[in-house]
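The values are calculated or read from the model by the stated rules, or taken from the named source; none is laboratory data. Note that the coordinates shown come from a computational prediction; the quantities given were computed from them, not determined experimentally. Ideal geometry is used to build each Cβ from the backbone, glycine not excepted, and the neighbour counts take in all protein chains shown.
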Amino acid sequence: MKKATSPDTIMPVASVAALEQERKILLDLGNDLTRVRDKSDLIALFSNRLKGLFYFTHAIVTLIDHNSETISALLYDIETSPIQKHPGYLKLFSSRFSINNSFMKTALEAKGPVSFLLEEVKDQPKSPSFLKVNYEGGIREILMTKLQNAEKPLGFIHIYSDKVGSFTNEFRSIMNGIAPQLSSAVTNILKNEDILNKEKEKSFLLDFSIAIAQVKTKADLQTAIITGLDNLLHTNLAMIRVIDDDGFHLSPFMFDKTLFANVRSNFEEMSNDRITVQETYTAQVLASRDGLVFNVEEELKSGNEYAKLWNTTGLKNMYSLPLRVGDRNIGTIWLLADRLSKLMLKGICAQISIAIANIQANEKLLAYKKQLEVENDYLKEQISTIYNFSEIVGSGDKMQQVYRLMSLVADSNSTVLVLGETGSGKELIARAIHNASPRRDKLMVKVNCAALPANLIESELFGHERGAFTGAFDRRIGKFELANQSTIFLDEIGELPLEAQSKLLRVIQEREVERLGGKLTIKVDVRLIAATNRNLEEEVKAGRFRADLYYRLNVFPIHLPPLRDRPEDIEPLINFFVAKYNKNTSRKIRKIKPTVIQQLKSYTWPGNVRELEHLIERSVLLTTDGVLNDVYIPRHNETGKQEPAQLLNRSLEEVERGYIIEVLKRCTGKISGPGGAAEILDIPGNTLHSKMKKLGITKADYFG
């Protein structure tokens, strides 16, 4: 008789067979899992193995993000599931679901697999939306098994069925047994993916750095950035802004024009705004160490105006980082992407920062070179046109008053208005003021307003960008920009047309210019000296000159006397010009006859110093024996010119007497002979004596 076996010590045959079957299943699954390196192979192998033993519709592996306290899909096998017909199902795989709800907490706290009837949990408060979507797709029950690594929960394996009761105890036992191996497989896959991603990132950064190192222009850099980010990272460049030279404003540097194609007008309006380093988002980014991440959906809810643009791209996050070279901020970069690693962001920004700094340095070098070329050409032009006085000649009382005013204003930055007749030496006064000022080490820039064509005045004064108008093939630096930190001399200011006057007024008021066709405002530190031979007060009354511009210019007027009002300076000027043209023409004029000096002193000089210089030049060229015996003086009828009203109030005898006295004064009392009053009046000397006696003219009248 066979001995009875205690149920406490002997397992039933059926249970032993079931246990062996379970062990075999777990062993086979475990062996398969150890060979898997690709996540798509893992879920397919897992599903195929289990579907041969148990019934279910599909399986999904989700991962927990402990920072955001959410789960998201990592692996899924839905090929044979009716759920894929549901219109909202595919969206679930790109979504995140909170773990802070009773459904997820139950799954997290369970010691093993736990099943739920979807009808009972789908409508619970805060339940994840994937429960309801699965229910609507025909699924009725879900089995949740927690995946755990050594430290904390890793995620879940979700098993779905369209039948209630599919998850038997045997199924649960298998899932409980395979969970550790499945957790290890998922962990290994994640580590492997992390290694591969880092290798890809390093490879990208290497290729990116090689591409960036080859760029020389802004256009090349933009192509390298946009192409590299899009092709390799599926990332879009929203905007790069660089900090202006003032250290306060930021200007757009580059952006991807295709990114906001659907809202181009809104984007251009917002991107063209010249913001400052104190703008809310910019200040946050510049103050951060490694940049900030703005979630587009959250920013929309907070009322961020920029987020409306970001949302049109369909990308989830805006990554914004400071661009730095050393410890110096040079700008900000804004990138739209779903996900980017810190390594990539830091590497990209470091390369772009260096490239932008190099381009800026190169642009400044080219601009400085261009400025030097312009200054060189300008200097050559000036050398050929200016008087080349080593000093202003003149020591009479009226010139002493001019010198006094010049000394008072030279050290200041005040605007000076030099008034005087044509040829009186207004440019010399301007140059002397500049050379006595703190700006003397910089080139004084001269603009002859009368010589500028009306259609080119603005370009000449303020510059233009390439393509600003027909024929603008290159950028041009305007005279105001060229005169930065120096002096600009606007000669013949009264000749400027009214339209140009209004633009000049703005520059004087704001001390900033905009090139034609440009959007950047350029600050200029310029000292202004203007000159005119016109009566600007009369021009204002006539409507030919803006009153507000006149008041801006007339801060410190200096009236330069005409040569006829300072006869004491004529002889020193004669000697100066003779010495000058002796050198320039290789002549050797050793002596000037007194009669020549007397003739020149008696002339009225309507052309002022310039006329005297040209007359001496001609006379030197005509002299061959070393003695200046004669000069050619043109005949003018301007001596003694008076206002019509004054003449009408005087008798003919009074007019004649006054006229003769003025001529005698100019001739220093000489009556006849070369340079005498009789020669000027074109009458014989005896006739002049008779007229003087008749009119009662004595030496006291013309020597007084």
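Those helices (runs of 4 or more DSSP H) of region 587-704 in which at least 1 residues are modelled with pLDDT under 85 and within 20 Å of Ser424 (Cα to Cα), considering only elements entirely within it, cover 594-602, 652-666.
From the list Tyr89, Tyr55, the lone residue that is out of contact with any helix residue (DSSP H, G or I) (no Cβ under 7 Å at 6 or more places or on another chain), assigned by TED's automatic domain parsing to the domain that holds Pro128, at pLDDT 80 or above and closer than 21 Å to Gly137 by Cα is Tyr55. The lone criterion from (1) of a type outside the set (Val, Ile, Thr); (2) assigned to a helix (DSSP H, G or I); (3) in contact with a helix residue (DSSP H, G or I) (Cβ under 8 Å, 6 or more places away or on another chain) left unmet by Asn197 is number (3). Scoring Glu298 on the criteria (1) assigned to a helix (DSSP H, G or I); (2) modelled with pLDDT under 85 leaves a single failure, condition (2). When restricted to residues that are under 16 Å from Ala700 (Cβ atoms) and not hydrophobic (A, V, I, L, M, F, W, C), region 659-684 contains 4.
Screening the candidates Ser94, Ser115 for the property of being in a strand (DSSP E or B) and of a type in the set (Gly, Ala, Ser) yields one hit, Ser115.
Selection within region 487-508: residues that are polar (S, T, N, Q) and in a helix (DSSP H, G or I). The member of this set that is surrounded by the most Cβ atoms within 10 Å (Cβ to Cβ) is Gln501. Applying a threshold of 9 Å to beta carbon distances and a minimum spacing of six or more residues, or different chains, the list of pairs starting in region 472-492 at a residue that is more than 24 Å from Leu419 (Cα to Cα) and ending at one that is in a loop (DSSP other than H, G, I, E, B) and of a type in the set (Val, Ile, Thr) reads Glu481/Val524; Asn484/Val524; Gln485/Val524.
Residues that are surrounded by 14 or more Cβ atoms within 10 Å (Cβ to Cβ), within 48 Å of the chain's Cα centre (by Cα), among the aliphatic types (A, V, I, L, M) and closer than 30 Å to Arg404 by Cβ are absent from region 509-517 altogether.
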